Amino acid sequence: MEILERVKSLLPKEAISRIELEGSEIIVYTKDREFFKTYEDTIRQVVGQLKKRIEIRPENNLSLEQEATRQKIMEIVPPEANIKEIYFEPERSLVIIAAEKPGLVIGKGGETFRRVRTESFWVPRIERVPPIKSDIIDGIRKVLHTEVKFRKNFLNKIGESIFSERITSRYWIRVIGLGACREVGRSCFLVETPKSKVLIDCGVNAGGTNSGAYPILNTREFDYNELDAIIISHSHLDHLGFVPTLYERGYSGPLYLTTPTIDLATLLWLDYIDVMQRNAVNPIFTAKGVKEAVKRSVPLEYGEVSDVAPDVRLTFQNAGHVLGSALIHLHIGEGLHNIVYASDLKYGRTPLLDQAFTDFQRVETLILESTYGGAEDIKPPRQESENELMNIINRTMERNGGCLIPSFAVERAQDIMTILVENNFQYPVFIDGMIWDATGIYTAYPEYMSRNIQKKVFSNQDPFKSEIFKRVASPSDREKVLEQKPCVIISTSGMLTGGPAISYLQALAENPNNTLIFVGYQTEGTMGRRIQKGWKEVPVKLEGGKTISINLQMEVATIDGLSGHSDRNQLLSFVNRLAAKPDKVIVIHGENQKVLDLARTIHQLFRIETVAPKNLEGIRLK
Ligand SMILES: [Zn+2]
């Protein structure tokens, strides 16, 4: 392979034993101790010249024995790092160090890390052990570890495909919406380039009827055998709910996403199977599809540039929407065209996340969401909404009431938790079921959160570790919760369509001292929406299937400005602040009127060509 030959020619011949690919990363194995200790300058030059990622690893016969390596690591790394586990992947010359404080395993300027490497002749990989245990993270790490041989092979095959000399009959760049055009839900976009095909997102529309629930894949352009990669923006089902189904149908290529996204996605996928089964609906995928997706996931960090297909280079940047959410930058050909996919994004700070990245040096085509892009979609300032939330909660505490906050498990719940801690809230806050699991995943990735939160985590003031939070893990815990007023309860589901929130509602509904607070969007037809409209007699379906009617006397409030989406002004500011002005904006992911409205406004304000395609309409970019 040409690229491997070029690397070889730039390195000292006698030091190199073999060169392999792991995805787009070039792995050089060395049999030379001196070279392994001192290669950094040489490699920096080669990387600069080839613009490829290169890692040097020692051959196994150089490595210290495993037990001796363990001891050495415990000697070198300060005990405050709290190492929980050390294990090995000799197939890749890696030692994995799982610690509560990964920063201390790295050390100042990487010093500790470097010592471990040069004294043990293993390449360290460091994992954070989250302060709130997460079965999902444990499960995923275990799958990736036990499948190390499969992974090595798989990544090697991807690498060969990425660096292959591929010839096709295409000479154009085209994007086709297979969902989420003039609608919200089932996001899915096919990008064709002269040499490659990649899919961006593959979601479901939970509220959609049969024909509108899933992406439109029975089109001539779409053949999963021809896909080089699936690239996922973030962990919401309308962006990745169909991914395990694709794997069950036979797609076997890579899935690019951030690490928090694969963790949160796995939580959501497994819950989705569970909910469908409980409602006696045949799930569209099984745990097998989830495992296949995990096995083929290729995590990238924000800002990490990676070749993903013969003429496509991918970079993720912070989207500010949920933990690990990404704007997707695709560089096509050598300077031929650049696409930024921004769906979904928040161009505004929240307590948890910094606002979306705008410093793209090249963007010719921007693909932009418009969930709140309509003329009337101006939200109140964030601070106002937070104050209002705290006022309602405090008022309820003063009258010895219970506050029920139905919430989606990912992001909004953690957002509310952070607001409570920042306002010095002192009463117990009960966190039910899946929200606790999602919060565990949050605590594993402080580096994906706002600078403000990072500062707190690193000075031992992790908001999620606050003592006000109490986990509710079982139905008997749930009964105890209701005896402890005043208190706050955060529970799924966010629109009162099921989940433990229903039993809390039932217990709290008839006492006017209690309060029900909606903090997220309530879809038409859901129980949440009916209560917002003023229904007082509410039919509730209990776990066993029995329906009872409850008399709603509790206070009901809606807090409007906490959305993880940009409002209209934030969308416009985002376009305005982009470091490079796009030639074309493709407006997607919004109701018909909002899409048209935002497209028209962007055209008028910025003199940029805008398009509002329907599903299946291809847009040629080059
Ligand atoms: Zn989203």
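The values are calculated or read from the model by the stated rules, or taken from the named source; none is laboratory data. Everything numeric here is computed off the predicted structure, so don't read it as measured data. Every residue, glycine among them, receives a Cβ derived from its backbone with ideal geometry; neighbour counts consider all protein chains shown.
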- If we keep only residues of region 109-126 that are under 29 Å from the mean Cα position of the chain (by Cα) and not aromatic (Phe, Trp, Tyr), then the residue surrounded by the fewest Cβ atoms within 10 Å (Cβ to Cβ) is GLY109
- Message: Give me the residue from region 333-360 that is among the aromatic types (Phe, Trp, Tyr) and away from the ligand (no atom under 16 Å from the Cβ) and, out of that set, surrounded by the most Cβ atoms within 10 Å (Cβ to Cβ).
- Response: PHE357
- Qualifying position, being under 23 Å from GLY498 (Cβ atoms) and of a type in the set (Phe, Trp, Tyr), among TYR224, TYR272: TYR272
- Confirm whether VAL7 is at pLDDT below 90 and touching a strand residue (DSSP E or B) at 6+ places or on another chain (Cβ under 6 Å). no
- Message: Kindly evaluate THR371 against the criterion of being of a type in the set (S, T, N, Q), more than 30 Å from CYS487 (Cβ to Cβ), within 15 Å of the ligand (Cβ to nearest atom) and part of a loop (DSSP other than H, G, I, E, B).
- Response: yes
- Query: Taking LEU389 and the conditions (1) touching a strand residue (DSSP E or B) at 6+ places or on another chain (Cβ under 8 Å); (2) in a loop (DSSP other than H, G, I, E, B), which numbered condition does it fall short on, given that it satisfies the others?
  - Reply: (2)
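In region 546-565, what count of residues is obtained for those that are in contact with a Leu (Cβ under 6 Å, 6 or more places away or on another chain) and either within 16 Å of the ligand (Cβ to nearest atom) or not β-branched (Val, Ile, Thr) (or both)?
Residues meeting the conditions: 1.
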- Query: Taking the condition in contact (Cβ under 8 Å) with a residue 40 or more places away in the chain, within 16 Å of the ligand (Cβ to nearest atom) and either part of a strand (DSSP E or B) or buried (at least 23 other Cβ atoms within 10 Å of the Cβ) (or both), does ASP307 pass?
  - Reply: no
- Message: Given the options ASN513, ASN576, name the one that is modelled with pLDDT of 95 or more, under 25 Å from GLU386 (Cα atoms) and of a type in the set (S, T, N, Q).
- Response: ASN513
- Residue satisfying condition, being under 30 Å from GLU221 (Cβ atoms), of a type outside the set (Gly, Ala, Ser) and at pLDDT 95 or above, within set ARG174, ARG115: ARG174
- Output the residues belonging to region 196-255 that are touching a residue at least 60 places away in the same chain (Cβ under 8 Å), of a type in the set (Asp, Glu) and within 16 Å of the ligand (Cβ to nearest atom). ASP201
- Message: Can you list the strands (runs of 3 or more DSSP E) lying wholly within region 392-495 that have 2 or more residues being surrounded by 23 or more Cβ atoms within 10 Å (Cβ to Cβ)?
- Response: 402-406, 429-432, 487-491
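Determine, yes or no, whether SER297 is surrounded by fewer than 22 Cβ atoms within 10 Å (Cβ to Cβ) and either more than 16 Å from the ligand (Cβ to nearest atom) or among the acidic types (Asp, Glu) (or both).
No; evaluated as a whole, the condition is false for this residue.
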- Number of the condition not met by LEU64 [criteria: (1) within 25 Å of VAL298 (Cβ to Cβ); (2) touching a helix residue (DSSP H, G or I) at 6+ places or on another chain (Cβ under 6 Å)]: (1)
- Single match in LEU621, LEU552, LEU562 (criterion: free of Cβ contacts under 8 Å to residues at least 60 places away in the same chain and either within 30 Å of PRO512 (Cα to Cα) or surrounded by fewer than 22 Cβ atoms within 10 Å (Cβ to Cβ) (or both)): LEU552
